[in-house]
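Notes to accompany the following structure.
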Amino acid sequence: MASNQVRVIGGSFRGRRLHFLPGPGLRPTPDRVRETLFNWLGADVPGARCLDLFAGSGALGIEAMSRGAATLTAVERHRAAAGRLRDNLALLGVNDAEVVQQDVLRLLKTVPAKPYDIVFADPPFAADLVGEVCLLLAAGGWLAPGAWVYLEQDAQRAWPPLPVGWRRHREGRAGQSVFSLLQCNNLG
């Protein structure tokens, strides 16, 4: 596969190749990891409201929409990457998605929250933001009861403590990355 492309691996857009712009810290989640994640999520994806933080290429959010998610909010601070993501969503004919060009931490701290069923958070490894993002999600009303949160970080880092009511459902490793799917209960 050519560089700066991701392939949708399942659902109605299966096999479609989407171009993205390279950027600092941008590492699209590999096909194998996305396949594992969406196997774990299974029947929880159709009809889900999804939030893709640090969206970058949009691989996770677009994969969710391909598999029947109801809505997608993709947050990406880099203007060019956000523009390319909008172009890819338009190319696929995805209407129930919005791309928000903003810093993720600023958004989680200042924008009125609406609850999501599935959240993807794959920040740039060097930024070490997983713990702060989890705390902001838990405290800010961003999660529907029983929401799923997918996290990805550098395998050299220990996972931060989980917010109260969160439990680790599954975990995996691929190359320099570790990834985890958490379920969030006892919110509010």
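Within region 163-188, how many residues turn out to be out of contact with any Lys or Arg (no Cβ under 7 Å at 6 or more places or on another chain), over 20 Å from Ala113 (Cα atoms) and not small (Gly, Ala, Ser)?
So the count comes out to 9.
When you go through (1) more than 18 Å from Phe125 (Cα to Cα); (2) of a type in the set (S, T, N, Q); (3) outside any helix (DSSP H, G or I) one by one for Asn39, which number turns out not to apply?
That leaves (3) as the condition not met.
Going by the structure shown, is Trp148 under 17 Å from Ala55 (Cα atoms) and touching a His at 6+ places or on another chain (Cβ under 8 Å)?
yes
Got a number for residues in region 149-170 being closer than 14 Å to Asp122 by Cα and either surrounded by 17 or more Cβ atoms within 10 Å (Cβ to Cβ) or without any contact (Cβ under 8 Å) to a residue 24 or more places away in the chain (or both)?
The number of residues fulfilling the criteria is 6.
Looking only at residues in region 53-69 that are part of a loop (DSSP other than H, G, I, E, B) and among the small types (Gly, Ala, Ser), which one is surrounded by the fewest Cβ atoms within 10 Å (Cβ to Cβ)?
Gly68
Yes or no, residue by residue, for (1) touching a residue at least 40 places away in the same chain (Cβ under 8 Å); (2) among the acidic types (Asp, Glu); (3) surrounded by fewer than 20 Cβ atoms within 10 Å (Cβ to Cβ):
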site	(1), (2), (3)
Leu92	yes, no, yes
Val99	yes, no, no
Asp117	yes, yes, no
Ala147	yes, no, no
Gly175	yes, no, yes
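Could you go through region 71-87 and let me know if any residue there is touching a residue at least 60 places away in the same chain (Cβ under 8 Å), among the small types (Gly, Ala, Ser) and in contact with a Gly (Cβ under 9 Å, 6 or more places away or on another chain).
So far as region 71-87 goes, yes, one or more of its residues are touching a residue at least 60 places away in the same chain (Cβ under 8 Å), among the small types (Gly, Ala, Ser) and in contact with a Gly (Cβ under 9 Å, 6 or more places away or on another chain).
Under 7 Å between Cβ atoms, at least 6 apart or on separate chains: pull out the pairs that start in region 23-35 with a residue that is at positive phi and surrounded by fewer than 18 Cβ atoms within 10 Å (Cβ to Cβ) and end on any residue that is among the aliphatic types (A, V, I, L, M) and at pLDDT below 80.
Pairs that qualify, where the first residue is at positive phi and surrounded by fewer than 18 Cβ atoms within 10 Å (Cβ to Cβ) and the partner is among the aliphatic types (A, V, I, L, M) and at pLDDT below 80, are Gly25/Ala126.
The values are calculated or read from the model by the stated rules, or taken from the named source; none is laboratory data. Predicted model only: the values in this text are computed from it and were never measured. Heads up, the Cβs are rebuilt from the backbone with ideal geometry, glycines too, and the neighbour counts pull from every protein chain shown.
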